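Taking it in order: structure first as structure tokens, then the write-up.
The values are calculated or read from the model by the stated rules, or taken from the named source; none is laboratory data. Given the structure is predicted, the values throughout are model-derived calculations rather than measurements. Ideal geometry is used to build each Cβ from the backbone, glycine not excepted, and the neighbour counts take in all protein chains shown. Side chains are part of the model used for accessible areas, which takes the heavy atoms of the whole protein and leaves out ligands, DNA and RNA. Shrake-Rupley method; radii C 1.70, N 1.55, O 1.52, S 1.80 Å.
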Amino acid sequence: ERDPKRIEAFYLDRGFPDAGVRSYDVRLNETQDQADITLDIVEGEPIRVAAVELRGFDVLTEAQRETLQSTLPPQPDQPLDRQLTIASRERALNMLRDEGYPYAAVSLREEEAGPRLRRLFIQATPGVLAHFGQVDIRGQTTVGENVIRRQLTFKPGDRFTRRAMRETQRKLYGPELFEFANVQSIEEPVLMNPEVPVRITVAEGKHRKVTTGIGYGTEEQARARLRWEHLNLFGGAQKFGAEGKWSSLDRGVRLDYREPYFLAPNLSLNFDGQAWQAREPGYATNQVGGRVTLRYQRSQQQFFTVSLQNEYQRSSITPEALLDFTVRDDLIALGLDPRGDITDGTLTAVAFDINRNTTNNLLDARSGYLLTGRVEKAGKWLAGTYDYWGVGGEGRHYLSIANRAVLANRLRGAT
């Protein structure tokens, strides 16, 4: 009996003031332990939006005003939905706060524009243009304060924007040092202070992690893996990891170290080393060496790397595989020389990589593109046994179709 009132309220909020439940029918089943309910609803004519006018937004550029106007949820000739109207107010308010006006206020007003037509006015009072003030950091114990300040996407004196605060909060979670991170502006609406202080509150997580795994497979047979890593080795977000693995197919030890801030905030330095053995049915390899990689993070979407690799390799091919010419191409693709049973030498190579990623999700992309490219050189003016040039690249593009499917394209080439 109360549901018809709920339905009328639902329709009223969505611009249908005359909607209601004309009748309803309840029918019991044969055993009379269940009922089917049929509602007969009369929607009536809605009150529609005649126009949406923005006033007081002169502090925004013309392009920003056009973008805001076109993206507001209530559009002309649509029913006057109260929830969408409130969402429009919030969107307009957030745009002003993202452009340096933390004390902005936005109000809504309706005006009759004809039979069942309403003109919607969104009135803004921007307030003063503000800039970031001092940054107060709290909650850190073992992580250096400079580590947190390096994650800031703004500095005192920059124009105030909530966008920069959200990006800073996202970056604070990146190094996995904190269980909680909050970036909050300390605003004083009464005084409207043009210098807005910011408070950053963090709670550190566990910086030492141990990962173990044991199992059995028909190919590897018994296998075991142990990894230990420290996410804040010297108090400056340096990451160190050591991993050991053993199985009948591969075994060895790997070490890795990352210096997140090398000379400049956008530069990081990685060291990787390994002593590894692989025992496949047709061949066996031994590798001892490492790689140093310098990474430049140009933006959130793009980075470059330069790496230098030095590694001793020794491989052997079983007599059965040497005589089986059907696997010859596979052996060459693995970097093995099928003309002899044992090959050894030193690989010294320098490589340059570029990566640009504009996809909306790393694991389930529905829009955007990904571009990668790599150039690698070994030998000649570099010491080492092997001499080659390697060039490769890949492009991916994702296009959402009516929010129901994704058209994914991929092109890859290498030599």
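Can you find even one residue in the range 150-165 that is over 24 Å from the mean Cα position of the chain (by Cα), on the phi > 0 side of the Ramachandran plot and modelled with pLDDT under 90? No. Does residue 171 satisfy being open to solvent by 50 Å² or more (accessible area, probe 1.4 Å), free of Cβ contacts under 8 Å to residues at least 24 places away in the same chain and under 14 Å from residue 134 (Cβ atoms)? Taking the combined requirement at face value, the residue does not satisfy it. Of everything listed in (1) out of contact with any Ser or Thr (no Cβ under 8 Å at 6 or more places or on another chain); (2) under 26 Å from residue 134 (Cα atoms), the single unmet condition for residue 206 is (2). Across the range 201-235, the number of residues qualifying as in contact with a Lys or Arg (Cβ under 9 Å, 6 or more places away or on another chain) and either charged (D, E, K, R) or in contact (Cβ under 8 Å) with a residue 40 or more places away in the chain (or both) comes to 9. Taken over the range 340-375, the residue count meeting the criterion of being at pLDDT 95 or above and among the charged types (D, E, K, R) is 3.
Among the residues of the range 364-415, those identified as aliphatic (A, V, I, L, M), closer than 20 Å to residue 312 by Cβ and either open to solvent by less than 50 Å² (accessible area, probe 1.4 Å) or without any contact (Cβ under 8 Å) to a residue 24 or more places away in the chain (or both) are 378, 382.
When the range 186-220 is limited to residues that are over 30 Å from residue 235 (Cβ atoms) and charged (D, E, K, R), the one that is modelled with the highest pLDDT turns out to be 195. When the range 9-68 is filtered for residues that are of a type in the set (S, T, N, Q) and surrounded by 14 or more Cβ atoms within 10 Å (Cβ to Cβ), only 64 remains. Scanning the range 198-228 for residues that are open to solvent by 50 Å² or more (accessible area, probe 1.4 Å) and either touching a Pro at 6+ places or on another chain (Cβ under 9 Å) or among the charged types (D, E, K, R) (or both) yields 199, 206, 208, 209, 219, 223, 225. So for the range 117-130 (the condition being within 27 Å of the chain's Cα centre (by Cα) and not hydroxyl-bearing (Ser, Thr, Tyr)), does at least one residue qualify? Taking every residue of the range 117-130 in turn, none turns out to be within 27 Å of the chain's Cα centre (by Cα) and not hydroxyl-bearing (Ser, Thr, Tyr). Can you run down the residue pairs with Cβ atoms below 7 Å, 6 or more apart or on separate chains, where the first is in the range 181-196 and over 17 Å from residue 163 (Cα atoms) and among the aliphatic types (A, V, I, L, M) and the partner is at pLDDT below 85 and assigned to a strand (DSSP E or B)? Close Cβ pairs satisfying both conditions: none exist.
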